[in-house]
Every structure is written in C-alpha cells, then in structure tokens.
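Below is one structure, written out as structure tokens; comments come after it.
The values are calculated or read from the model by the stated rules, or taken from the named source; none is laboratory data. As the structure is a prediction and not an experimental result, all values here were calculated from the model. For neighbour counting, all protein chains shown are included, and Cβ atoms are generated from backbone atoms with ideal geometry for every residue, glycine included. Accessible surface is based on the protein model in full, side chains and every heavy atom, while ligands, DNA and RNA are left aside. Shrake-Rupley method; radii C 1.70, N 1.55, O 1.52, S 1.80 Å.
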Number of protein chains: 2
Amino acid sequence: MTTRWLTPEEQRAWRAYVAGYLLLEDAIDRQLQQEAGMPHLYYSILANLSESPERRLRMTDLAESLKITRSRLTYAVTRLEKDALLRREDCRWDKRGSVAVLTEEGMAMLERLAPGHVETVRAGLFDRLTPEQVGQLEEIFTQVVGGFQDDGEALPEELPWRRRSSGCSGSP
Amino acid sequence: MTTRWLTPEEQRAWRAYVAGYLLLEDAIDRQLQQEAGMPHLYYSILANLSESPERRLRMTDLAESLKITRSRLTYAVTRLEKDALLRREDCRWDKRGSVAVLTEEGMAMLERLAPGHVETVRAGLFDRLTPEQVGQLEEIFTQVVGGFQDDGEALPEELPWRRRSSGCSGSP
DNA sequence: GGGTCTTGGTTCAAGTTTGAAACAAACCTA
DNA sequence: TAGGTTTGTTTCAAACTTGAACCAAGACCC
C-alpha cells in the first residue's frame, strides 16, 4: 500500500505539537535545573515514589510507570541516591530485585520544589487552556498511551493471576 | 500567593500527556534510529531544510524554527555534515553567519525515510484520533507555542521593519 | 576612528541517554 | 535436580544535550 501522508490538518497539528512539547519540556527542565540542579525526569521519579505505598517501588515498576528504560532509570537512581534523595534496598522476596525508597530528604526536596514546578506547568500549559481543552488533552493522550499498551503486550494481562504485584513493601 | 495546585482533571491530563509524549518520542526515535541511525531531531532538521527556499537556512533561523538551542544545532549539523546529508556555507551578507544547505544525498535520505516516519507518527498518534481531536490538538499546542513567543520577546515583532530576513539565499 | 554593546556561531567539559552485553537469581522441564 | 530459558538489574562505550565561556563581526555612539 502506498504511503498515507499526513493531511494538511494533521501536519499543522503535528508541527504545533512538536514545537509545543519542546518548549514546554525546555521550560520545565530549566526551571528544575535552576532550582535543584535536576531535570524533569528526576523530579518525576521522586514524585512517583512519594505517591506509592510506603514511598517505595521496584525498579522495573518505576520504569514502567514512567515509560522509560530500565537502564535510564538505573543511571538516574544512582545519581539521586548519591544526593541522598532516595536509597536502594534489596527486595526480600526476589533476590534479583531492588527497590527505590524515597528518603526524608527526598520528600523534603519534593515539597520544596513542587510549588515552582506546578507554577511552570501552569504558566506553560494549563493557564492557556480552557477546562474543555484540559479534558480534550487528557482524552487525546490517554488514547495515545492506550495504543502503546496494546502494541507492547499483544494481549494485555494475558494471565492476570500470574501478574506479580510490585511487592517488596514493608519496612526492612 | 499560595500555590495553585493542579486540579484532579489537570493532574490526569498532565500524567497522560507526559506518558504519551515519552512513548511517542521513543517510538519515533527508535524507528528512525533503526532505519537511518538518526534521532528524531536530525530528521526534523533535514525536513525543515527541505521545505525552505533553495533548501537552505541560517543556523539561527533553523534553531529558532526547531525550538532548540544553537549549541545543540551546531552539534547536530556537524554530524549531518559528516554524513554528507547537508553542508555548511558562509553567509555572504554577514560574515559571522553560516547557512546549512541540504545536499542531494540529504534530500534522497529524507525521501527514503519519510514514509516510515509518517507511518510511525500515524500509528502512534493520528490513527487513534478523530478529526475533531486533530483540530483540538492543533489548537491546544498552538496556544502553548504562542504563550512562549510572548514570554521570550516581550513585544513580538517590536520593530518589524528591522527584522532581518533569513537571507543568504542564492547559489554560491 | 576607537570604545562598547549585541549578535551569530562554535567550543568545551560535565551530565545524560542509548542499546547491547553481562550477570545473577528465578523459573521451568525433563 | 541439572540444564536451559526468562526476568530483574546493572555496566559499558558511544552518542547526544546542556550551559557557560569564547571569538568574531556587525551595530551603535561619541
């Protein structure tokens, strides 16, 4: 089959989108870099941990939830651990595994950074959108994310009862 | 003033958006990397040049149009030049300037890559959206981009008649 | 003309990302 | 239970990005 090129509408949308996310990411990265010497992803790691039960998550689950590679996560976590914002612990039920745990310092850092970060996200995005557009944005990207889930796993949750829970909770 | 946190709707939209663009960028990068050993940005540089008059653009204009730093562009252009996909020429009207010019090889490469690239963008994004959503996406990100224009330049086009054209066209 | 400021572009070191390869533990199967 | 496969994670080198510092060359100003 011959290529289905983008329609003019799609082209315009694509260009706007690419320009927009570059500007937005840039603004966010710059803000966090200034405030804490840390890029957006690293903030997201801390934020993600802070919302998990006991503020801990297995590496693979964290990577999956953040949509990044394990290797990328390893590097980031090593750095954050060096900064004492989180620590690694061995998973007691699976000796291969390791879990990242947010430290008190990490939590404090997050609380310090959150207002400025939110402000940047607002200024760059939400303050420019109507409530309807916020809904549209969610809908659009939920569909996008959903699309990739299907691709990756062929049959999502093929064997639900075998899915290991992220596990490794409970204090040491 | 106390922080205006994100509403639940905004939070959901933000999460979906961040996850979505990571997956999308990843898919696009991976596809181009496989096909041509080149990340998305490098493809965009070639594409951008191919659409300019005489397939040439000044570095600064190119950087601005792509929303990236000059330094990042310098690095990318150096690499692409090494691959003979474009070449640098001196700007004759401004001895500081240099222009990137798409070569025949570059154009050929672009034509080879375009179908697969479009297919990836379609599969990841447009095939999952209704025509209305395409319009919404454009609207949303056009507003986002617009927002940043204002920030950067205070008064956009403050002195329109002084705006230098990208210039440096015409064959050597 | 000779400062001074701005603009266009590159360079450099430090930090990050990538994908493939390496490892080790866990799981399976005969 | 030994051998083979899968899974969880790290390591490594190569590529890319970042921001600050730098070097011209234009522009402005007296």
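Compute the accessible area per residue over the protein assembly as shown, keeping the other protein chains in place, probe 1.4 Å, unit Å². Mind dumping the intermediate values first?
Working: 18540 Å² over 344 residues.
Per-residue value: 54 Å².
Taking amide hydrogens as modeled 1.01 Å from N in the peptide plane, which residues meet the under 5 Å criterion relative to A:Thr103, leaving out close sequence neighbours?
When sequence neighbours closer than 5 places are left aside, the close amide H contacts are A:Leu86, A:Arg87.
Could you work out how far the C-alpha centroid of region A:109-125 sits from that of region B:79-150, in angstrom?
Taking the Cα centre of region B:79-150 as reference, the centre of region A:109-125 is 30 Å away.
Can you list the aspartates and glutamates whose alpha carbon sits under 15 Å from that of B:Lys82, skipping same-chain ones fewer than 8 residues off?
Within the straight-line cut-off, B:Lys82 pairs with B:Glu104, B:Glu105.
So if I place +1 on the C-beta of Lys and Arg and -1 on the C-beta of Asp and Glu, and nothing else carries charge, what would the dipole magnitude of the protein assembly as shown be about its Cα centre? I want it in debye, nearest 20.
On the way: 46 positive and 56 negative charges, 240 e Å.
Charge dipole, the protein assembly as shown, about its Cα centre: 1160 debye, nearest 20.
Considering every residue in A:84-97, what mean count of other chain Cβ atoms within 10 Å of its Cβ is obtained?
On the way: counts 0, 0, 0, 0, 0, 0, 0, 0, 0, 0, 0, 0, 0, 0.
Counting Cβ atoms of other protein chains within 10 Å of each residue's Cβ and averaging gives 0.
Hey, got the average number of other protein chain Cβ atoms within 10 angstrom for residues in B:122-135? Show your work: numbers first, answer last.
Values: counts 5, 3, 4, 10, 8, 3, 9, 6, 3, 3, 1, 5, 8, 4.
Neighbouring Cβ atoms belonging to other protein chains average 5 per residue here.
Tell me whether the protein assembly as shown comes out rounded, prolate or oblate; compute the Cα gyration tensor, take square roots of the eigenvalues as a ≥ b ≥ c, and use a/c under 1.5 as the rounded threshold. Present the calculation step by step, with values, prior to reporting the outcome.
Numbers: a/c = 1.77, a/b = 1.58, b/c = 1.12.
Prolate.
For a test of the definition: using alpha carbon positions, the gyration tensor, and the 1.5 limit on a/c, classify region A:58-102 as rounded, prolate or oblate. Display every interim value, and only then the final one.
Details: a/c = 1.94, a/b = 1.07, b/c = 1.80.
Oblate, because a/c is 1.5 or more while a/b does not exceed b/c.
Averaging sequence separations of C-alpha pairs under 8 Å and six or more residues apart, then dividing by the length of chain B, give the relative contact order as a whole percent.
Working: 133 pairs, mean separation 40.6, N = 172.
For chain B, the relative contact order is 24 percent.
Roughly what would the spin-label model give for B:Arg88 and A:Glu51, points 7 Å off Cα along C-beta, in nm?
Rounded to a tenth, the inter-label distance reads 4.5 nm.
P(r) for region A:27-141, please, calculated from all Cα pair distances in 5 Å bins and given in %.
Reading upward from the zero bin: 2, 11, 20, 20, 19, 13, 9, 5, 2, 1.
Cross-link partners among aspartates and glutamates for A:Lys67, C-alpha distance below 13 Å, same-chain residues fewer than 8 apart left out?
Cα-Cα hits under 13 Å: B:Glu25, B:Asp26.
Tell me the net charge near A:Thr120. Cut-off is 10 Å between Cβ atoms, A:Thr120 excluded, with +1 for each Lys or Arg and -1 for each Asp or Glu.
Values: positive: A:Arg30, A:Arg122; negative: A:Asp29, A:Glu35, A:Glu119.
Taking every Cβ under 10 Å from that of A:Thr120, the sum is -1.
Whenever you get a sec, compute what percent of the accessible area on region B:12-128 sits on carbon and sulfur atoms (1.4 Å probe).
Values: 2700 of 5530 Å².
Here carbon and sulfur together make up 49 percent of the probe-accessible area.
Whole Å is fine, so just give me how far the alpha carbon centre of region A:1-74 lies from that of region B:1-65.
11
Provide a whole-number value for the mean count of partner chain Cβ atoms within 10 Å of the Cβ atoms in peptide A:37-46. Please list the in-between numbers first.
Numbers: counts 0, 0, 0, 1, 2, 0, 0, 3, 0, 0.
Neighbouring Cβ atoms belonging to other protein chains average 1 per residue here.
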